[in-house]
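Asks: Take a look at this one; I'll ask things after.
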Amino acid sequence: MDGFEGTGLACIRSDRIVFAGLDFAVSPGGALILSGPNGSGKSSLLRLMAGIASPAAGEIVWNGMPVSKDPERFFAQMHYVGHRDAVKAALTVRENLAFHAALRGGRAGRTETKSNIGTDINGDIDRALDNVGLAPLADLPARMLSAGQTRRLTLARILATPAPLWLLDEPTIALDYRAVDRLRAAIAAHRAGGGMIVASTNVPLGIDDAATIDLAAHAPEVDVVWGDDSDDPDTGNSP
Amino acid sequence: MNGFFALVGRDTRIALRQLSDTMMVIVFFVIAAALFPFGVGPEPNLLARMAPGILWVTALLAAMLSFDRLFQNDYDDGTLELLVIAPQPLWMTALAKIVAHWLTTGLPLLVASPVIGIMLILEPSSYGVLMLAMALGTAIISLVGALGAALSLGSRRSGVLLSLLVLPLVIPVLIFGAGAVDAVIGGFAATQQLLILGGLLMACLVVCPWGCAVALRLAAE
């Protein structure tokens, strides 16, 4: 069966249950929005979906095959955009994007070499930069970019190499309204081509027909007391 | 393989743009070795006798300076998560980081070592073996150091932990590396020591990238 789904997922961080018994399903062309208050596990769920962390219970299935069976095949099919931008200040805008495109295989699995300059992958990179409005800044070091421009460079990653599944964690953070419009258009085009999207966001992305998972509904029974769970300083980064 | 070369290229490029990091290692190597003649006295015979040991110990300590940031930057800015979910085996990603580390740290140390050899009045006939043993030894140090860096990633005081993890493991490199140079100076062939270093390199090539991959996956989680 085509699609991306998970059953009975549970996530435990520092001996605390973030959510349990969570099911989701996205079919080709579909979208799923994760909502819930801060700390309810939106990012944790996206990291489980991306295969960065493994679920404490449950199973994630991609096109009928459990992801844990062949993770690399699944990795080649998806894009993950996390909280952090993964942009290297010392490299230029184009070099940053070219690296990620090459890491994810590129369209024809080629890197930038003298013999294939101007062929597919470079065209894809130019198009992606143009799409997020960074083409005029392509040869500037990424340290010159503003927070919003850095975020746009991060989002250009998902346009530079095609993948059917996009996992976006708060994609609109730091973006201005025009960039958000562009993101909406990209998402609509992606879905029209049969792509799937899972996003955690508080800003409407123009996907009204999307299914929604409210993570607050999957929280454990016991209320978490503020400041009670902080023996591990790392938990604050990605609740 | 595409991602492998992209990563080697990216890390080397970053190292070349931020040259101060690489230079720090080399400057430490030269300065630390240059302190020995002041400490033990400028007695040529004594210096020549100690030269192989001084070279190896200072090269090792200099290399230690570079490991704490091998994975740390990628860990901090979120690149590590993306490396973990790249569609290529994670050991290959780890190996690419190690190759880039050797190119930007091991290779400069290798190039600088004959200069320090001259300064320490190293026996002229031993330079060939010194370079060969250094090439093997620095590669092993990069592999073992990367494993230590991956294991200590995300912990506080990772620098101290790193030294505790890595330095005991590279003692064999020190023994056989300095031993190879000593053997040549003493008029023997250094084949045995070089073969052992080669064997160690092979073993590390098998174990370290794989161990790095496991540790990186845990650190990203």
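The values are calculated or read from the model by the stated rules, or taken from the named source; none is laboratory data. None of these values were measured; they are calculated from a predicted model. Methodologically, a virtual Cβ is constructed for each residue, glycine included, from the backbone with ideal geometry; neighbour enumeration extends over all protein chains shown.
Asks: Condition first: without any contact (Cβ under 8 Å) to a residue 40 or more places away in the chain and either in contact with a strand residue (DSSP E or B) (Cβ under 9 Å, 6 or more places away or on another chain) or not in a helix (DSSP H, G or I) (or both). Now tell me which residues in region B:31-71 satisfy that.
Replies: B:GLY41, B:PRO42, B:GLU43
Asks: Hey, another quick one. Mind listing whichever residues of region B:68-89 are facing chain A (nearest Cβ under 9 Å) and of a type in the set (Ser, Thr, Tyr)?
Replies: Hit for region B:68-89 is B:THR79, nothing else.
Asks: Please verify whether region A:34-55 includes one or more residues that are part of a strand (DSSP E or B), in contact (Cβ under 8 Å) with a residue 12 or more places away in the chain, more than 12 Å from chain B (Cβ to nearest Cβ) and in contact with a Phe, Trp or Tyr (Cβ under 7 Å, 6 or more places away or on another chain).
Replies: Looking for residues that are part of a strand (DSSP E or B), in contact (Cβ under 8 Å) with a residue 12 or more places away in the chain, more than 12 Å from chain B (Cβ to nearest Cβ) and in contact with a Phe, Trp or Tyr (Cβ under 7 Å, 6 or more places away or on another chain), one finds none in region A:34-55, hence no.
Asks: Restricting attention to region B:198-212, report how many residues are in contact (Cβ under 8 Å) with a residue 12 or more places away in the chain and farther than 17 Å from B:VAL166 by Cα.
Replies: Residues meeting the conditions: 1.
Asks: What about A:VAL87, is it within 9 Å of chain B (Cβ to nearest Cβ) and at pLDDT 90 or above?
Replies: It is true that A:VAL87 is within 9 Å of chain B (Cβ to nearest Cβ) and at pLDDT 90 or above.
Asks: Residue check, B:MET64 against (1) more than 30 Å from A:ALA98 (Cβ to Cβ); (2) crowded, with 23+ Cβ neighbours inside 10 Å; (3) among the hydrophobic types (A, V, I, L, M, F, W, C); (4) under 11 Å from the mean Cα position of the chain (by Cα), all met but one. Which one?
Replies: (2)
Asks: Restricting the search to region A:59-82, which residues are within 7 Å of chain B (Cβ to nearest Cβ) and under 16 Å from the mean Cα position of the chain (by Cα)?
Replies: Those that are within 7 Å of chain B (Cβ to nearest Cβ) and under 16 Å from the mean Cα position of the chain (by Cα): A:PHE75, A:ALA76, A:TYR80, A:GLY82.
Asks: Could you check how many residues of region B:9-38 are within 25 Å of A:GLY105 (Cα to Cα) and away from chain A (no Cβ under 11 Å)?
Replies: Adding up the residues that qualify gives 1.
Asks: Right, another one. One residue is enough: does region B:147-154 have a residue meeting the conditions within 14 Å of chain A (Cβ to nearest Cβ) and either over 13 Å from the mean Cα position of the chain (by Cα) or buried (at least 21 other Cβ atoms within 10 Å of the Cβ) (or both)?
Replies: Yes, region B:147-154 contains at least one residue that is within 14 Å of chain A (Cβ to nearest Cβ) and either over 13 Å from the mean Cα position of the chain (by Cα) or buried (at least 21 other Cβ atoms within 10 Å of the Cβ) (or both).
Asks: For residues that are crowded, with 22+ Cβ neighbours inside 10 Å and charged (D, E, K, R), scanning just region B:74-110, find the one that is farthest from the chain's Cα centre (by Cα).
Replies: Among them, the one singled out is B:GLU81.
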